[in-house]
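Values in this text are rule-based calculations from the coordinates and carry no lab data. Just so you know, these numbers come straight off a predicted model, no measurement behind them. Here the Cβ positions follow ideal geometry from the backbone for every residue, glycine too, while neighbour counts run over all protein chains shown.
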């Protein structure tokens, strides 16, 4: 399966899960919302749901629901710093356009 | 594209609906801003990676404003336009600020709060604080990539209404939506997740750069209550630097140096102090303005020796806070260390042995207040499961009472009472036929009115003429949730009443509060003596008045010699009353009392026989 975490993303995810003190991994997903149609979901996972695709990337256990999978195939999750700002960023080859603010996207 | 953070399961916010919230520790020496990202609270650094922003603002000519490190660098060259530690001036008047001694600022008397004349014009402490907050807000918005929804700003637990209001105003001026003001010790407790426990009692030990605060918090079903606060507004990490500098001066025979050389020596002392927290010895080089270069060295053991008395000094307010809370050190369920100075190993050992438990140290003590504020801001912004909210009960920082005869204070609501609070106490008239009573409301810990702060005065009139002590006047003190005090007096037999509304703590500086607490402690013996003297004087006056009126009524019961000896006794008591020895006065009162005993007995016989005249014995016996 072609969803991957960069080293930096994996480091940060592991650190956050450790600080949170519980959870089985990281849930990635896509949901329909926003001005351009779809938005990314990145959450702590406390339990697996039926049909979840589960795999490890760079030492992080990742869970993705089957519906989201189609949109995320080939995506790389990175952790970046932009000026003072820092956070996770999806590099998704399926993305065609985004709304002006960049919070939602289309495929 | 905005950078994403990890959310709790099922709580990914809708796009464009992320609520960015921060916690701000607006400190005396430095300030911080923190937020919750991917579930964990973290302080936001500036572009150079520094999380601490010195709470210093410099106003240059032409309106140029520099905040933080940049302003701090200019403090030595332009002291009068570089405002440091502005937190001390918040909500304070010119007379309050005068108590800080010589400061390089040009203070201007302004209604309600001092102003400071700077090269950029007149600035209020609120505006200076707003400039600090604005810098933190800009840092936060750059770090979070959007406009802030709101902020939780922390204040010391002993801040009064006017200081809290001033802090809120500063935040508003800086364009921040204040979600809540949070007490600093409570924020520290939240940072450690102590609010997740069912209940417990916690000590928050906060040794900052220049101030020491100790708060005892009680948690019951998610509600933090401040049981007591104590501290020393003139004790902090800087005193440890001074101790090292003094030690070096002595060891190297350095004379009292100029301002610049002293600053260099203190900077070296501070550096060595910080390194000694992790090493057994540390050294520094100092080049003085006269060209001499010194290699200075300090062992941790030496450092601990020369600062042992400073460590002991922190335990005095600690004991007091525990005593006020009615607790033994071992009844505390957790000790939180706050402030950079608490990194010192010997301080941690002293705290651990005092409380007989290891203090919580795994969070950065300089960041812990901001981290707790961020955690609460996150919850208040709706980024956390609903239902967990903190309610903080506040306390009255100093006792409220009223003046009684002889200039003594009768405490009605003791300090550290949680508000809202209402207490009533009964008073009576002192003189026969007294028809009015002056009620003088005071605040403070001392025994004499002159040593406390006067809050308000009012009069209760229309008391029916009665003998002294017969009137029953209920005085009720009521403090509402906003800290407003109202006092009412009511004479019970007639129902006449009178009342006044006062702001209890307005105008009291934190230093004043601390100083008054310290004085109360230091002067306990002198106060007891003064109280005893005042009490004996009241006693003496009452005795002289009583004998005087008895002589008028029943003077015929005495022989001229007896009468003369009583008069002499009165004269010598009057003389003793003018002296200041309460013991001598007491014995004078006692001897006059004894001298008048026979007279009193004869008067008693006379009134009994008058009362019984014409009545049969069995009638009297059946009563």
Over the residues of the stretch B:525-612, compute the C-alpha Rg and express it relative to 2.2 N^0.38 Å.
1.23
Determine the distance separating the Cα centre of the stretch B:55-91 from the Cα centre of the stretch B:224-261; give it in Å without decimals.
22
Please report, in whole Å, how far the alpha carbons of chain B spread along each principal axis, starting with the longest.
109, 67, 53
Give me the one-decimal nm value for the distance between modelled label points at residue B:246 and residue B:601, 7 Å along each residue's Cα-to-Cβ direction.
6.5
Using only alpha carbons, build the gyration tensor for the stretch B:103-253 and give me the equivalent ellipsoid semi-axes, biggest first, whole Å.
28, 27, 17
Would you please give the FRET efficiency between residue B:581 and residue B:454, computed as 1/(1 + (r/R0)^6) with r the Cβ-Cβ distance and R0 = 35 Å, to the nearest 0.05?
0.80
The stretch B:3-55 - convex hull of alpha carbons, volume per residue in Å³
93
Give the dimensionless ratio obtained when the Cα radius of gyration of the stretch B:194-362 is divided by 2.2 N^0.38 Å.
1.20
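Any chance you could list the semi-axes, whole Å, largest first, of the equivalent ellipsoid that the Cα gyration tensor gives for the stretch B:90-185, using √(5λ)? Intermediate values should be presented prior to the final figure.
Values: eigenvalues 138, 56, 22 Å².
The three semi-axes for the stretch B:90-185 are 26, 17, 10 Å.
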Chain B: calculated mean residue ellipticity at 222 nm from DSSP helix runs of at least 4, using -39500 (n - 2.57)
-12000 deg cm²/dmol
Label point distance in nm, residue B:74-residue B:283, each placed 7 Å from Cα along Cα→Cβ:
3.9
The Cα extents of the stretch A:4-96 along the principal axes, largest first and rounded to whole Å, are 39, 33, 21
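Restricting things to alpha carbons, find the Rg to Rh ratio for the protein assembly as shown using the Kirkwood radius for Rh.
Details: Rg = 34.2 Å, Rh = 30.7 Å.
Ratio of gyration radius to Kirkwood radius: 1.11.
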Crossing angle, helix B:237-252 versus chain B [Cα axis fit, 0-90 degrees, rounded to tens]
80
Which distance in nm do the two modelled labels at residue B:47 and residue B:196 give, with both placed 7 Å along the Cα-to-Cβ direction?
3.8
